[in-house]
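Student: Dumping the structure here so I can ask a few things about it.
What follows is calculated from the coordinates using simple rules that are stated; it is not laboratory data. If you're wondering where the values come from, they're calculated on a predicted model, not measured in any experiment. Don't worry about glycine lacking a Cβ; one is built from the backbone with ideal geometry, like all the others, and counts go over all protein chains shown.
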Amino acid sequence: MTDDGASAAAEERTPLGLAQRGFCGRIEAIAVDVDSAVPASEIERRLIELGFVEGARVEILHEGPIGRDPIAVRVNDTTIALRRREAMAILVI
Amino acid sequence: MTTVTEIGAASSVWRFALVGTPNSGKTALFNALTGSRQKVANYPGVTVERKSGVFRTASGHRVNLVDLPGTYSLRGRSPDEEITRDAVLGRIANETAPDLLLCVADATNLRVALRLVIELKRVGRPMLLVLNMIDIARRRGIDIDLDKLSAELGVPVVTSTAVRRGGTDELLRRLDDMAAGAVGQSHESTWKTPTTAELRAAQREADRVIKVAVGEPKRPDTITGRVDGVLLHPVAGLLILLCLLFVMFQAVFAWAEPVMDLIEAGFDALGAFAHDALPEGLLQSFIQNGVISGVGSVIVFLPQILILFLFILLLEDLGYMARAAFLMDRIMGGAGLHGRAFIPLLSSFACAIPGIMATRVIDDRRDRLTTILVAPLMTCSARIPVYTLIISAFIPNTQVWGFVGLQGLVMFGLYAIGILSALGVSFVANHLFVRDGGTPPFMLELPDYKLPRLRSVAMGLYTRATMFLYRAGTTIFSMMMLIWFLASFPRPPLGATQPAIDYSLAAIIGKWLEPVLSPVGFNWQINVALIPGMAAREVAVASLGTVYAIEGGKDAAEQIGQALASKWSLATALALLAWYIFAPQCAATLAVIKRETGGWRWMFVTFFYMLTLAYIAAFITYHTAVALGWG
């Protein structure tokens with residue numbers, strides 16, 4: 001939703017949902033575009049409430065046993081488990 | 001802003017509320033302050049109801065403290081979070097808003113907590129920020145400048161270590177200075193549901209405050225990461241989870257035995273004493289067969305139930321439950337269950353009632369309903385008495401593969417069937433409930449591991465033991481009176497040739513049910529036992545004891561198991577086990593389902609689907625066993 005128009009960064013940014021274990025980066029934007037039982041703005045709010053805001057450090061610590069899903073993500077000093085579906089909304093560089 | 005003066009402020013008892021993010025130690029603080037016995041556990045979403053207790057500040061002022069479910073914001077997106085929102089905003093009928101909000105934050109994990117503090121400021125109530133687990137923060141070398149933090153937030157700050165003796169002394173001292181001035185100084189609430197922009201702004205503000213007042217950890221926690229490397233490993237992690245469950249159920253069977261033998265011997269002695277002390281007749285029969293052997297045959301299972309709860313409490317306090325949810329999410333997702341459903345379902349192994357209440361942490365209504373529907377299929381501790389009785393009477397105590405007891409293996413199998421059928425039912429339910437979107441999200445905080453506190457575990461076990469004994473003393477006792485009455489009246493006619501019970505009401509009812517239940521291999525004695533068993537499963541054991549004891553005279557009362565082994569075929573025993581996996585025999589669970597789903601509909605759905613499954617399972621089991629020559 002927030003696009004600060006940094007075009008150089010836009011080229012490199014990838015969804016966290018596609019990243020592998022061991023990935024380290026920073027959150028560039030939260031842009032929810034997933035088919036879910038809850039509205040996109042609600043998913044965005046929940047992500048923010050768990051600390052996923054622009055600028056936060058993220059690292060993928062663990063992957064789940066089936067289809068490498070869900071993932072355990074270190075956000076600054078907290079560890080959050082979430083599915084790759086929702087992690088697609090977190091754009092990182 | 002206008003200052004609102006309330007009548008409550010003038011009264012001599014202050015009303016405080018504990019608010020905070022999940023897993024910040026609110027309940028531990030609540031216990032430390034009030035000394036009340038209530039569940040503390042290390043995973044998000046343990047406190048599903050408001051609990052209140054009373055304590056005194058350092059100067060002796062009385063405070064009524066409410067413990068609220070953890071929440072990340074006041075938006076109230078699941079039933080437990082709505083409770084917190086309504087209590088904080090004073091929206092609960094006949095209740096004023098709290099005089100002071102004690103906002104609890106995990107000192108090692110302030111980011112998300114401070115965002116909540118910023119949101120809570122808009123509520124306009126006086127507030128105190130409690131930095132809990134300050135000992136761990138200090139150990140990790142996190143420097144927190146309390147004055148700066150307080151100045152930047154505009155909220156007074158105090159530290160505490162709820163789980164240590166004396167860890168709340170400073171809080172108690174500060175409450176006096178603070179509350180005296182602040183209570184009654186409430187402002188009109190300007191809180192409204194925050195937008196994404198407001199949430200973002202609040203989180204940025206929280207991050208700014210942290211940058212100013214909180215240092216980076218000098219000795220960060222590395223244990224959690226290393227342990228997770230094993231426990232969350234895609235292969236090893238799942239194997240460890242399975243092993244844990246297996247050990248748990250083997251332990252329930254093996255460790256409890258010596259204590260159970262002791263309890264049994266105690267009640268036998270008591271029964272023999274009553275027999276000798278009382279004159280032959282109705283009263284003697286009532287005391288010995290109705291009261292002592294009835295209540296005794298249920299209390300004997302206390303050790304097993306406590307061992308099961310011990311495992312669950314230890315895993316909760318350790319912080320393992322959230323990891324189990326992480327490992328199980330996709331596996332349960334395949335059956336249409338939410339990863340979060342794992343915690344309520346695992347609790348349901350102890351008892352479906354707390355399990356169903358714990359589903360309040362599931363925000364999606366459909367997911368929550370599915371979990372409630374299948375929770376009673378998880379093998380609860382009340383089934384253990386029935387399973388144990390039948391297994392020890394009919395399954396030989398031999399070893400298979402050299403190291404696994406056959407009895408324990410059958411027990412494990414019964415648990416496994418319960419789990420598989422829960423997955424099957426939720427799979428079907430998921431296809432019956434039409435979804436209007438995709439699957440709801442799964443997001444869960446994985447807390448740092450913490451060594452379980454002896455006191456917290458002991459408190460949890462004590463609560464469970466008293467609850468069980470209370471049930472044994474009330475529901476089970478009254479059901480035993482009923483069954484004894486049914487089995488004893490009317491008295492046999494003079495010159496009767498059959499055992500007395502054949503003339504009783506119990507026999508009449510049991511035989512009346514025979515056309516329905518004989519196709520699944522049940523005799524009329526089982527039918528009789530099933531009736532009070534509708535109130536609580538474990539009663540069936542005692543009922544069988546009463547029915548057979550009265551039938552066969554006092555000698556048969558000594559060993560219900562022996563009596564059963566001589567009177568039932570293996571096919572009947574197995575059919576009863578199959579029946580018990582599914583049968584909805586617990587009035588309390590049905591009542592909780594009605595309460596939690598807000599109506600009769602889902603209670604009846606649960607009752608009838610479980611009854612149908614029970615009948616089918618018992619039917620198939622019985623006829624298969626007969627075909628195998630075990631009839």
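Student: Can you bin every Cα-Cα distance in region A:4-92 into 5 Å intervals starting at zero and give me the percent of pairs per bin, rounded to whole numbers?
Tutor: 3, 15, 27, 26, 19, 9, 1, 0
Student: To continue, here is another question. Please give, to one decimal in nm, the separation of the simple spin-label points placed at B:Arg491 and B:Tyr503, each 7 Å out from Cα toward the Cβ.
Tutor: 0.9
Student: Additional query: How far apart, in nanometres, would the label points at B:Glu280 and A:Ala40 be if each is projected 7 angstrom from Cα along the Cα-to-Cβ direction?
Tutor: Between B:Glu280 and A:Ala40, the simple spin-label model gives 8.7 nm.
Student: From the phi angles alone, apply the Karplus equation (6.51, -1.76, 1.60; θ = phi - 60°) to region B:598-612 and give each ³J(HN,Hα) in whole Hz, x where the residue is Gly or Pro.
Tutor: x, x, 6, 3, 6, 5, 5, 4, 4, 4, 6, 5, 5, 4, 4
Student: Could you please state, rounded to a whole Å, how far the C-alpha centre of region A:35-93 is from the C-alpha centre of region B:491-545?
Tutor: Cα centres, region A:35-93 to region B:491-545: 58 Å.
Student: Here is a follow-up. Per-residue HN-Hα couplings for region B:616-626, Karplus 6.51 cos²θ - 1.76 cosθ + 1.60 at θ = phi - 60°, whole Hz, x for Gly and Pro?
Tutor: Couplings: 4, 4, 5, 4, 4, 4, 4, 6, 5, 5, 5 Hz.
Student: Based on a Kirkwood Rh over C-alpha pairs, give the Stokes-Einstein translational diffusion coefficient of region B:447-495 at 20 °C and viscosity 1.002 mPa s in µm²/s.
Tutor: Details: Rh = 14.5 Å.
Stokes-Einstein gives a translational diffusion coefficient of 148 µm²/s.
Student: Percent of Cα-Cα pairs per 10 Å bin, from 0 to the last occupied bin, for the protein assembly as shown, please list those.
Tutor: With 10 Å bins starting at 0, P(r) equals 3, 14, 22, 22, 17, 12, 7, 3, 0, 0, 0.
Student: Mind listing the long-range amide H neighbours of A:Val92? Cut-off is under 5 Å, sequence gap 5 or more, other chains count too, H placed in the peptide plane at 1.01 Å from N.
Tutor: Amide H neighbours of A:Val92, under 5 Å, 5+ apart: A:Thr14, A:Leu16, A:Glu28.
Student: Could you calculate the contour length gain from B:Ala416 to B:Asp268, that is, 0.36 nm times the residue separation minus the distance between their Cα atoms, to one decimal place in nm?
Tutor: Numbers: separation 148, 0.36 × 148 = 53.28 nm, distance 3.40 nm.
Result for the pair: 49.9 nm of gain on full extension.
Student: Computed on alpha carbon atoms, what radius of gyration and Dmax characterise chain B, expressed in Å?
Tutor: 27.8, 94
Student: Further question on the same structure: From other protein chains only, count the Cβ atoms within 10 Å of every residue's Cβ in B:201-213, then give the mean. Before the final figure, lay out each step's value.
Tutor: Working: counts 1, 3, 9, 3, 0, 2, 5, 0, 0, 2, 0, 0, 0.
Per residue, the average neighbour count from other chains is 2.
Student: Could you order the peptides B:317-329, B:493-505 from most to least packed, using the average number of other C-beta atoms within 10 Å per residue?
Tutor: So the peptides B:317-329, B:493-505, ranked by packing, come out B:317-329, B:493-505.
Student: Can you give the angle from 0 to 90° between the axis of helix B:320-334 and the longest principal axis of chain B, with both taken from C-alpha atoms, to the nearest 10?
Tutor: Computed tilt is about 70 degrees.
Student: Work out the length of the dipole vector of region A:4-92 about its Cα centre, built from +1 on the beta-carbon of each Lys and Arg and -1 on the beta-carbon of each Asp and Glu, and round it to the nearest 20 debye. Let's see the in-between values first.
Tutor: Details: 11 positive and 15 negative charges, 68 e Å.
Around 320 debye, computed over region A:4-92.
Student: If you average the alpha carbon positions of region B:371-388 and of region B:328-348, how far apart do those two centres end up, in angstrom?
Tutor: Using only Cα atoms to place each centre, the spacing works out to 16 Å.
Student: When you look at the Cβ of every residue in A:67-79, what mean number of other chain Cβ atoms sits within 10 Å?
Tutor: Numbers: counts 1, 2, 4, 10, 1, 7, 2, 2, 3, 6, 14, 12, 12.
Across A:67-79, the average partner-chain Cβ count within 10 Å equals 6.
Student: Ignore the peptide's own chain and count Cβ atoms of other chains within 10 Å of each Cβ in A:51-63; give me the average, rounded.
Tutor: On the way: counts 9, 2, 10, 3, 3, 3, 0, 0, 0, 0, 6, 12, 4.
Per-residue shielding by partner chains comes out at 4.
Student: Could you run the Karplus curve 6.51 cos²θ - 1.76 cosθ + 1.60 with θ = phi - 60° over region B:107-115 and give me ³J(HN,Hα) per residue in whole Hz, x for Gly and Pro?
Tutor: Here the 3J(HN,Hα) series is 4, 8, 8, 8, 3, 6, 5, 5, 4 Hz.
Student: If you don't mind, there's one more thing I want to ask. Non-local amide H neighbours of B:Ser160 (under 5 Å, H modeled in plane, Pro and chain starts lacking H): which ones?
Tutor: The answer is B:Leu131, B:Asn132, B:Met133, B:Ile134.
Student: What's log10 of I(q)/I(0) for region B:133-205 at q = 0.25 Å⁻¹, Debye sum over Cα points only, no solvent?
Tutor: One equal scatterer on each Cα of region B:133-205 leads to -1.15.
Student: How big is D, in µm² s⁻¹, for region B:333-428 by Stokes-Einstein at 37 °C and 0.692 mPa s if Rh is the Kirkwood radius over C-alpha pairs? Intermediate results must be reported in sequence, preceding the final value.
Tutor: Working: Rh = 14.3 Å.
Here the translational diffusion coefficient equals 230 µm²/s.
Student: Shifting gears a bit: Using only Cα atoms and rounding to the nearest 10 degrees, what angle (0 to 90) does helix B:383-394 make with the longest principal axis of chain B?
Tutor: Roughly 30 degrees between the two axes.
Student: Sort A:53-63, B:14-24 by the packing proxy (mean of other Cβ within 10 Å over each peptide's residues), most packed first. It would help to have the intermediate numbers written out before the result.
Tutor: Values: A:53-63: 19.2, B:14-24: 25.1.
The peptides rank, most packed first, as B:14-24, A:53-63.
Student: Continuing with the same structure: Quick check: convex hull of the Cα atoms in region B:473-514, volume per residue, rounded to a whole Å³? Walk me through the intermediate numbers first.
Tutor: Details: hull volume 2.9 nm³, N = 42.
About 69 Å³ per residue, rounded to a whole number.
Student: If you don't mind, another one. Give, as a single signed number, the net charge of other residues whose beta carbon lies under 11 Å from the beta carbon of B:Gly237, with Lys and Arg counted +1 and Asp and Glu -1. Mind showing how you got there, number by number?
Tutor: On the way: positive: B:Arg323; negative: A:Glu63, B:Asp228.
Residues close to B:Gly237 contribute a combined charge of -1.
Student: How far is helix B:257-277 tilted, in degrees, relative to the longest principal axis of the Cα atoms in chain B, given as a value from 0 to 90 rounded to the nearest 10?
Tutor: On a 0 to 90 degree scale, this one is about 60.
Student: Shifting gears a bit: Among the listed pairs B:Lys121/B:Lys218; B:Lys26/B:Lys450; B:Lys121/B:Lys450, give every one whose C-alpha distance is greater than 21 Å. Intermediate results must be reported in sequence, preceding the final value.
Tutor: Numbers: B:Lys121/B:Lys218 31 Å; B:Lys26/B:Lys450 15 Å; B:Lys121/B:Lys450 31 Å.
Those over the limit are B:Lys121/B:Lys218; B:Lys121/B:Lys450.
Student: Follow-up question, since we're still on this one. Once you put a point 7 Å from the Cα of A:Thr14 and another 7 Å from the Cα of B:Ala588, both along the Cβ direction, what distance in nm separates them?
Tutor: In this crude spin-label approximation the distance works out to 5.3 nm.
Student: Now a separate question. With each run of n ≥ 4 DSSP H residues scored as -39500 (n - 2.57), what mean residue ellipticity at 222 nm is computed for chain B after dividing by its residue count and rounding to the nearest 500 deg cm²/dmol?
Tutor: Working: 30 runs with 362 residues, N = 631.
That comes out to -18000 deg cm²/dmol.
Student: Under 8 Å for C-alpha pairs, at least 6 residues apart: give me the relative contact order for region A:4-92, rounded to a whole percent.
Tutor: Working: 154 pairs, mean separation 36.2, N = 89.
That works out to 41 percent.
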